[in-house]
Structures are given as C-alpha cells and as structure tokens.
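Chemist: Before I ask anything, let me first share the structure, which is written out below as structure tokens.
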Amino acid sequence: MRTCLFAGLLAALIAFLVDQATKAIVVSNATVLSSGVSVFPGFNLIYLRNDGVTFGLLGGAPWRSLVVLALGICVWLAAMLVRTDNRVEAIAYGAIIGGALGNVLDRIRFRGVTDFLDFYVGSTHWPAFNMADVFVVGGVCLLLIAPWLSVKFQTGT
C-alpha cells in the first residue's frame, strides 16, 4: 500500500510540475502565441485565458467557487488514493489531483486557466486545453481501464 501511495504522490507531483512548467513557457511567450503558432497541420500553440472549466463551461462563474469545487474534489480523490492498494488506480488518482491543482493555482494567480494546445481539422477547432487537462483526462481514462490492467498484471498475460 505504501508503494501505491508513493506512486500516486509522484504522479501528482509530475503532473503538477509539467503543467506549471509548460504554462510558464507559454505565458512568457504570450505575445508571440496570442495569434497562434502553427506547429504542424492540425495543431497550433496559442495563448488563451479560460475563466470557465472544460470547453469554457461555467465561464464567468466566480473563480473562488471553482477553486473550492476543485479543492473539494482533490480532497475526495486524495482519500481514494490513500485507500487504494492498486498501483494503476493510485497513479490515475495522482495524475488527476496534480492536474487539478495546476489549474487551481492558475485560477488563484490569474483568475483563469492558461490554455495553449489547439487542435483542429479544417476550420473546426477543438477547444484549447493545457497539460493539466491532459493529466486529468488521462487519469480518468486510466481509472476506467484499471480493472482490466490489474487483471492483466496479476495473471501475467
């Protein structure tokens, strides 16, 4: 169980640091990225500030409310992390917590989240997002497949 907790805490730390480092690079290059920089067809780097949550939902909501909500979810996930004896689940919980805390820090510092990953097909753009979002979504996906991964690792197949 201690190795699971360590793995989860390490995942949270990595998610948080990667998120904050990438956002710092984007913010320091905001003037260049404000109009978008093409990396390859279908992908731009862009500097945006999102005061809502995923896909801009709840835009304009009081930032303090979003911080309290996110912190409450992090506390619940931390309790789940402490209780799990499954390393895959622990890493997933950690990734979600680290990503969420990265966005919480942005909300406290900037009253919004820094988004910079812009994927598109033709003129249709997916809503821009950041590495915290990648860790949160990746962690949720990992939680969904954890039962199958655990069986695979336990049976050795």
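Taken together, the values in this text are just the output of simple stated rules run on the coordinates, not laboratory data. In this text, all values refer to a predicted model and were calculated from it rather than measured experimentally. Here the Cβ is made from the backbone with ideal geometry for all residues, glycine too, and neighbour counts use every protein chain on show.
Chemist: When a/c is below 1.5 the answer is rounded, else prolate if a/b is larger than b/c, else oblate, so apply that to the stretch 76-156 with a ≥ b ≥ c taken from the square roots of the Cα gyration tensor eigenvalues.
Modeler: Oblate is the answer for the stretch 76-156, as a/c is 1.5 or above yet b/c matches or exceeds a/b.
Chemist: Compare Gly94, Gly112, Gly72 in a GNM of the chain, Cα atoms joined below 10 Å, and give the one with the largest fluctuation.
Modeler: Gly72
Chemist: At 0.36 nm per residue, and after removing the present C-alpha to C-alpha distance, how many nm does the segment from Ser65 to Ala21 gain when stretched out fully?
Modeler: This chain segment gains 13.3 nm when fully extended.
Chemist: Hey, another quick one. Let me know the charge dipole size of the chain about its Cα centre in debye, to the nearest 20, where only the beta-carbon of Lys, Arg (+1) and Asp, Glu (-1) is charged.
Modeler: Roughly 300 debye, rounded to the nearest 20.
Chemist: Let me ask something else. Could you work out how far apart the two model spin labels at Val140 and Phe110 are, taking each label as a point 7 Å from the Cα in the direction of the beta carbon, and quote it in nm?
Modeler: Result: 2.2 nm between the two label points.
Chemist: Who wins for biggest fluctuation among Pro147, Pro127, Pro41 in a Gaussian network model of the chain, springs between alpha carbons below 10 Å?
Modeler: Pro41
Chemist: Would you please classify the overall shape of the stretch 2-155 from the alpha carbon gyration tensor, given that a ≥ b ≥ c denote the square roots of the eigenvalues, rounded means a/c under 1.5, and beyond that prolate means a/b larger than b/c while oblate covers the rest?
Modeler: It comes out prolate by the Cα gyration axes.
Chemist: Using DSSP to define loop residues, name the trypsin sites (Lys or Arg not before Pro) in the stretch 62-98 whose beta-carbon has at most 11 other beta-carbon atoms within 10 Å. Working shown, then result.
Modeler: Working: sites: Arg64, Arg83, Arg87; in loops: none.
Answer by residue number: there is no such site.
Chemist: What's the extension gain from His125 to Arg2 if we count 0.36 nm per residue and subtract their Cα-Cα distance?
Modeler: Details: separation 123, 0.36 × 123 = 44.28 nm, distance 4.28 nm.
That works out to 40.0 nm of additional length.
Chemist: GNM on the chain, C-alpha springs below 10 Å: top fluctuator among Thr114, Thr22, Thr31?
Modeler: Evaluated over the chain, the most mobile residue of the options is Thr31.
Chemist: What net charge is computed for the residues neighbouring Ala11, neighbours being all others with C-beta under 13 Å from the C-beta of Ala11, Lys and Arg scored +1, Asp and Glu -1? Numbers along the way, then the final one.
Modeler: Working: positive: Arg87; negative: Asp19, Glu89.
With Lys, Arg at +1 and Asp, Glu at -1, the neighbours total -1.
Chemist: Here is a further query. Of Ile145, Trp126, Val37, which is farthest along the charge dipole of the chain in the positive direction, counting Lys and Arg as +1 and Asp and Glu as -1 at C-beta?
Modeler: Of the listed residues, the answer is Ile145.
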